[in-house]
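First the structure, in the form of structure tokens, and then the observations on it.
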Amino acid sequence: MSLQTLAQQTASDFVKAFGREPSWIAAAPGRVNIIGEHTDYNDGFVFPMAIERYTVIAAAPNNLPGITLRSAAGQGVAAIDLGRPLKPGPRGAWSNYPAGVIAGFIARNIVPAGFDAVIHSSVPLGGGLSSSASLEVATATLLEAVTGAKLDPVEKALLCQKAEHDYAGMPCGIMDQFISTLGQKDHVLLLDCRSRRTELVPFTDSTMAILITNTNVKHELTGSEYPTRRRQCEAAALALGVPSLRDATGELLERSRGKLDEVVYRRARHVIGEIARTPLAAAAIRRGDWAEAGTAMYASHASLRDDYEVSCSELDTVVDIARAIGPSGGVFGCRMTGGGFGGCAVALVKTDSVDAVVATLGRQYEAATGIAPTMFVSRPAQGATVLKP
Ligand code: GLA
């Protein structure tokens, strides 16, 4: 579904729910990370692109001291009382994301007047494509329209990250909120998470496609794996005597191996290798060296699977099938993308071969796992936008 169609649907749902036209419509995309996984909270590099899947919010003033948010995904209505200090709701509630963003605006003394809103999303929920960041950034973009205050994009991304930390209880890095805010059509974004310097890498060769395969599984049951990985990285940096793993080299790690617990050693080996791989893969994509970019993607996956241990059998199955299809069948590289433990894999595929790859991958994945995958291609999309007024 195009962004235009999704926006029209959101507007017409707004009319149905509230009996008047929306005054504002804002949208923010999900993302897929091409390479640079679990590096953002280690001051490293990431290389994500925004995808043509969006969260859209339509809203109009309600002349009340409160905000009503209606989720079109059947997740009900959330009411926010602007007359009281905001606080996080129950763990797991979707309304924590917009509430955290609203709290971030209020903390900056940007207080919106009351409004009603309807939220729609084409980003698969919980599929590792940053549905939550797209909801946060869409909320922030809507609030900019509602209040007339324009935040610096970096500040806006950081505000949304803080909402995720404080309201959703997820100690994420900066990648997802940055790409949803700063993504540019036809470009992949190389982000240095330490300096926050960005470099836009064009991806305009129409003979090449980015294919996303949703395994349709999610194994992260307790939510503790991500914070545990973060702590292991901090422990590794401490043992190596560096401020963060960005400052470590493979050589330093090997020399200091005796000082590190075995698991912490492997976590660090992934992060150090992945930080080195990411700018090289970005350079390969810039010059259209698909074979080299693809090799880096497979290396990233193996490292996430064996050293970082955030893959799962379903993601490994997708990657193994993709590798077996190989360049002769139009597949240059494939890896898990996002936090892991299920969710999606991303593949670099020849456009001509997409249909055949989708058929083979879909059939073999389902035969191996008993689960039907969801697959789609996306060009790099534009970051957050105000569609109305
Ligand atoms: C999640 C987090 C990101 C990043 C990835 C792993 O998507 O939100 O900040 O750490 O995992 O690369």
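The values are calculated or read from the model by the stated rules, or taken from the named source; none is laboratory data. These numbers come from a predicted model, not from an experiment. Using ideal geometry, Cβ is built from the backbone for each residue, glycine included, and neighbour counts are taken over all protein chains shown. SASA here: full protein model, heavy atoms, side chains in, ligands and nucleic acids out. Shrake-Rupley method; radii C 1.70, N 1.55, O 1.52, S 1.80 Å.
For the chain, modelled as a GNM with alpha-carbon contacts under 10 angstrom, which of Leu64, Leu158, Leu182 fluctuates the most?
Per the Cα network of the chain with a 10 Å cutoff, Leu64 tops the list.
Averaged across orientations, what area in nm² does the convex hull of the alpha carbons in segment 94-154 project? Write out the running numbers ahead of the final one.
Details: hull surface 18.2 nm².
Reported value for the Cα convex hull: 4.5 nm².
Three principal axis extents, largest first, for the C-alpha atoms of segment 165-218, in Å?
For segment 165-218, the Cα extents along the three principal axes come out at 42, 35, 15 Å.
How many percent of the alpha carbon pairs in the chain exceed a separation of 40 Å?
15
Can you tell me the equivalent ellipsoid semi-axes for segment 192-279? Use √(5λ) from the Cα gyration tensor, largest first, whole Å. Working shown, then result.
Working: eigenvalues 170, 85, 30 Å².
Ellipsoid half-lengths, sorted descending, are 29, 21, 12 Å.
Hey, can you find the accessible area per residue of segment 89-236 for me, probe 1.4 Å, expressed in square angstrom?
Ligands and nucleic acids excluded, the result is 38 Å² per residue.
Taking a temperature of 20 °C and a viscosity of 1.002 mPa s, what whole-number D in µm²/s does Stokes-Einstein yield for segment 238-389 with Rh from Kirkwood over alpha carbon pairs?
The Stokes-Einstein estimate is 124 µm²/s.
Any chance you could check the Cα centroid distance between segment 131-153 and segment 272-339 for me, in angstrom?
33
State the percentage of accessible surface on the chain attributable to carbon and sulfur atoms; use a 1.4 Å probe and exclude ligands, DNA and RNA. Working shown, then result.
Values: 8280 of 15580 Å².
In the chain, the share of accessible area belonging to carbon and sulfur is 53 percent.
For segment 350-389, state the average projected area of the convex hull of the C-alpha atoms over all orientations, rounded to one decimal in nm².
4.6
Using DSSP to define loop residues, name the trypsin sites (Lys or Arg not before Pro) in segment 1-102 whose beta-carbon has at most 13 other beta-carbon atoms within 10 Å.
Those that pass, being in a loop and sparsely packed, are Arg20, Arg91.
Please get the size of the charge dipole for the chain, origin at its Cα centre, with Cβ charges of +1 on Lys and Arg and -1 on Asp and Glu, quoted in debye to the nearest 20. Walk me through the numbers before you get to the answer.
Values: 37 positive and 39 negative charges, 118 e Å.
Here the chain has a charge dipole of around 560 debye.
As a check on your grasp of the helix formula, calculate [θ] at 222 nm for the chain: sum -39500 (n - 2.57) over DSSP H runs of n ≥ 4, divide by the residue count, round to the nearest 500.
So the helix-based figure for the chain works out to -13500 deg cm²/dmol.
Could you check the simple spin-label distance between Leu252 and Lys218, using points 7 Å along Cα→Cβ, in nm with one decimal?
3.7
So what is log10(I(q)/I(0)) for segment 66-194 at q = 0.20 1/Å, when the Debye sum runs over its Cα atoms only?
Listed by q, the Debye log ratios stand at -1.23.
When we measure straight from the Cα of Lys16, which lysines land under 28 angstrom away, once same-chain ones fewer than 8 places off are left out?
Lys388
Around Thr360, under 15 Å between beta carbons, what's the net of Lys plus Arg minus Asp minus Glu among the other residues?
-1
Straight-line reach from Lys87: which aspartates and glutamates have a Cα under 17 Å away, not including same-chain ones fewer than 8 places off?
Reachable aspartates and glutamates: Glu136, Glu164, Asp166.
For segment 1-51, calculate the relative contact order in percent as a whole number, restricting contacts to Cα pairs under 8 Å that are 6 or more residues apart.
On the way: 39 pairs, mean separation 13.3, N = 51.
Worked out over segment 1-51, it gives 26 percent.
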